[in-house]
Every structure is written in C-alpha cells, then in structure tokens.
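The values are calculated or read from the model by the stated rules, or taken from the named source; none is laboratory data. None of the values given here were measured: they were computed from a predicted structure. No Cβ is skipped: glycine too gets one built from the backbone with ideal geometry, and neighbour counts run over all protein chains shown. Only protein heavy atoms, including side chains, enter the accessible area calculation; ligands, DNA and RNA are left aside. Shrake-Rupley method; radii C 1.70, N 1.55, O 1.52, S 1.80 Å.
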Amino acid sequence: MNAPRFDSPLAFVDVETTGGHAGWHRVTDVAIVAMRGGEVEWEWHSLVNPGAPIPPSIQVLTGITNEMVAEAPRFEDLAGEILRRLEGRTFVAHNVRFDYGFIRTELRRAGHAFSAPQVCTVRLSRHLYPDGGRHNLDSVMERHGIRSQTRHRALPDARILAKFWAVLRAQWP
C-alpha cells in the first residue's frame with residue numbers, strides 16, 4: 001500500500017451530506033484538520049446550506065437540521081477557502097471515495113477542478129490490522145482507545161482521524 005510519509009502535509013477531511021451519492025446529494029457539514037510532522041496545524045469547519053432539504057433520517061443520524069443550515073454559506077461560497085486549505089496536502093478520509101467524491105463534485109459544481117493524493121483510513125486499517133475485525137470508524141475508535149463525545153459531525157470525525165493517525169505514527173514508526 002502506498003501511503004504518504006507520516007510527516008507529509010495532511011488534510012483529514014470529513015463531510016456530512018444529504019445522502020450517499022455525490023452526483024445527487026449535497027454537503028451539509030465540512031471539516032478539515034491539517035497536520036504536519038505529527039502536529040495539528042489548524043482546524044476548519046463549516047455548516048453548508050445544501051440548497052435542498054435534509055432527509056429526516058439524515059437529520060436523526062447527524063443532528064444537522066434544515067434550520068441549522070438555512071443561513072449557512074453554500075458550498076460555492078466556501079470553495080475558494082476549501083481549495084486553499086487542501087492545497088499541497090494529502091487528502092485523508094475514512095472511506096476516502098465518499099468524502100473525496102463529494103468534495104471533488106461540489107468543487108466541480110462551483111467551477112473548480114480538484115485533484116489530490118488520497119489515503120483511505122479504512123483501507124489503511126484493514127492493511128495494518130488484518131485480524132482486527134471491523135474497520136468502520138466506531139470500531140477503529142474502540143480498538144485504539146480514541147474517544148469522541150460526538151459522531152457523525154464533520155469536525156469531530158475529522159479529529160478522530162487525526163488521532164488515529166497519531167496512533168499509527170506511534171505503532172508503525
């Protein structure tokens with residue numbers, strides 16, 4: 001598996017969305033936690049007005065309601081900031097196809113091309129811990145003693161990934 005060096009500039013990214021397909025659904029919450037040399041450099045997040053209703057099942061899962069995003073910026077208003085924050089970094093996400101796919105699709109809708117090297121922490125977990133059982137984020141947290149009071153929100157989930165990366169740095173020097 002080709003993974004970036006642990007000290008590379010990284011962007012741990014998480015999005016919450018109105019559904020599971022980047023072509024049809026939209027982002028409602030986005031977060032980036034930047035790390036270099038094992039240290040968190042900065043964190044950034046924003047709720048996003050998806051321009052469409054959030055299905056009730058997604059509201060229950062994420063706690064993000066239509067009222068919460070009504071006055072939030074649209075993705076196209078955040079596109080320049082997101083591009084700037086991702087520039088020169090490896091895009092790291094748990095099930096990277098999902099998060100990267102949504103970011104790339106939303107940026108394309110806003111008129112921006114985007115490409116970045118990617119690392120999937122699900123695949124990394126499966127590769128490094130093949131006998132570890134499940135590799136969803138809750139299982140990874142439990143296996144490695146990572147705590148978070150909130151799940152299924154972009155910033156707490158991105159922070160969990162940064163903590164998982166710190167565990168990997170310690171266990172796989």
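When the Karplus curve 6.51 cos²θ - 1.76 cosθ + 1.60 is applied with θ = phi - 60°, which whole-Hz ³J(HN,Hα) does each residue of the range 23-32 get, with x for Gly and Pro?
Rounded to whole hertz, the list is x, 10, 10, 10, 6, 10, 7, 9, 9, 9.
Which of the GluC sites (Glu not before Pro) found in the range 1-78 are in a DSSP loop and have at most 15 neighbouring Cβ atoms, other than their own, within 10 Å?
Hits after loop and neighbour filter: E71.
In Å², and per residue, what accessible area does the chain have when probed at 1.4 Å with the other protein chains present?
Ligands and nucleic acids excluded, the figure is 51 Å² per residue.
Just from its helices, what would the mean residue ellipticity at 222 nm be for the chain, if runs of 4 or more DSSP H residues each count -39500 (n - 2.57) and the sum is divided by every residue, rounded to the nearest 500 deg cm²/dmol?
Value at 222 nm, helices only, nearest 500: -12000 deg cm²/dmol.
Put +1 on the Cβ of each Lys and Arg and -1 on the Cβ of each Asp and Glu in the range 90-173; which of H127, V140, N95 then has its Cα farthest toward the positive end of the dipole?
In the range 90-173, that residue is N95.
Rounded, prolate or oblate for the range 40-138? Axes are the square roots of the Cα gyration tensor eigenvalues, ordered a ≥ b ≥ c, and the cut-off for rounded is a/c under 1.5.
oblate
Measuring from the lowest to the highest alpha carbon on each principal axis, how far does the chain reach, largest first, in angstroms?
Per principal axis, max minus min of the Cα coordinates gives 44, 33, 25 Å.
Rounded to the nearest 5, what % of DSSP beta bridges with both residues in the chain are antiparallel?
70 percent
For the range 1-79, build the charge dipole from Cβ charges (+1 Lys, Arg; -1 Asp, Glu) around the Cα centre, then report which of A70, V33, A22 sits farthest towards its positive end.
Of A70, V33, A22, it is A22.
For the range 8-84, what is the percent of antiparallel DSSP beta bridges, rounded to the nearest 5?
In the range 8-84, DSSP labels about 95 percent of beta bridges as antiparallel.
I'd like the carbon and sulfur percentage of the solvent accessible area for the chain, probe radius 1.4 Å, heavy atoms only, ligands and nucleic acids excluded.
The computed percentage sits at 48.
Would you mind putting 115-128, 50-63 in packing order, based on average other-beta-carbon counts within 10 Å, highest first?
Descending packing order for the listed peptides: 115-128, 50-63.
I'd like to know which of A154, Q118, A79 lies farthest towards the positive end of the charge dipole of the chain, counting +1 on Cβ of Lys and Arg and -1 on Cβ of Asp and Glu.
Of A154, Q118, A79, it is Q118.
If you fit an axis through the alpha-carbon atoms of helix 154-171 and take the longest principal axis of the Cα set of the chain, what angle between them do you get, 0 to 90°, nearest 10?
That works out to roughly 10 degrees.
Would you work out the charge dipole size for the range 57-173 about its Cα centre, treating the Cβ of every Lys and Arg as +1 and the Cβ of every Asp and Glu as -1, and quote it to the nearest 20 debye?
Rounded to the nearest 20 debye, it is 420 debye.
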